[in-house]
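Read the structure below first, then the notes.
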Amino acid sequence: MDIAEVAKRSGMPASKLRYYEEKGLIASVGRQGLRRTFAPTVLEQLALIALGQTAGFSLDEIAQMFSADGRPNIDRKMLAAKADQVDALIKRLQAMSNGLRHAVNCPAPSHMECPSFRKLLQL
């Protein structure tokens, strides 16, 4: 399929597809006139790239998740490490949310006099 069809079906602009090809994340299989053409499997690759980005992986990290022929070759240790990072972020965000909710209802005359709020500031 040509780049316009891939862009339409993936919802990604052609410029992003060309960038991903330049980075080695996807590969065209040829040209039809001036347009790049791609195998249908490129849509699966693009979905995996989008999922990886949503999970917080960099494009360089995502590139490591594909073998030379473009097939997924995902390191489970890398996934576990990212899951640990996400869990740590969730804990920090939950603590921040709890502190902010406390500050809303805190009986202290000023937020700066509230030990819980000051803990958020890490003073």
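Does residue 90 satisfy the criteria of being modelled with pLDDT of 90 or more, within 12 Å of residue 26 (Cα to Cα), aliphatic (A, V, I, L, M) and in a helix (DSSP H, G or I)? Spelling it out, it is not the case that residue 90 is modelled with pLDDT of 90 or more, within 12 Å of residue 26 (Cα to Cα), aliphatic (A, V, I, L, M) and in a helix (DSSP H, G or I).
Looking at 31, 36 in this structure, which one is more than 23 Å from the chain's Cα centre (by Cα), surrounded by 15 or more Cβ atoms within 10 Å (Cβ to Cβ) and not in a helix (DSSP H, G or I)? Answer to the check: 36. The set of residues from the stretch 6-59 being in contact (Cβ under 8 Å) with a residue 24 or more places away in the chain and under 18 Å from residue 75 (Cβ atoms) comprises 24, 25, 45, 48, 49, 55, 56, 57, 59. Scoring residue 119 on the criteria (1) basic (Lys, Arg); (2) exposed (fewer than 14 other Cβ atoms within 10 Å of the Cβ); (3) within 30 Å of residue 27 (Cα to Cα) leaves a single failure, condition (3).
Against the criterion of being surrounded by 11 or more Cβ atoms within 10 Å (Cβ to Cβ), touching a residue at least 40 places away in the same chain (Cβ under 8 Å), at positive phi and not assigned by TED's automatic domain parsing to the domain that holds residue 84, residue 70 qualifies.
The values are calculated or read from the model by the stated rules, or taken from the named source; none is laboratory data. Being a predicted model, the structure only gives us computed values, none of them experimental. So basically every Cβ, Gly included, is an ideal-geometry build from the backbone, and we count neighbours across all protein chains shown.
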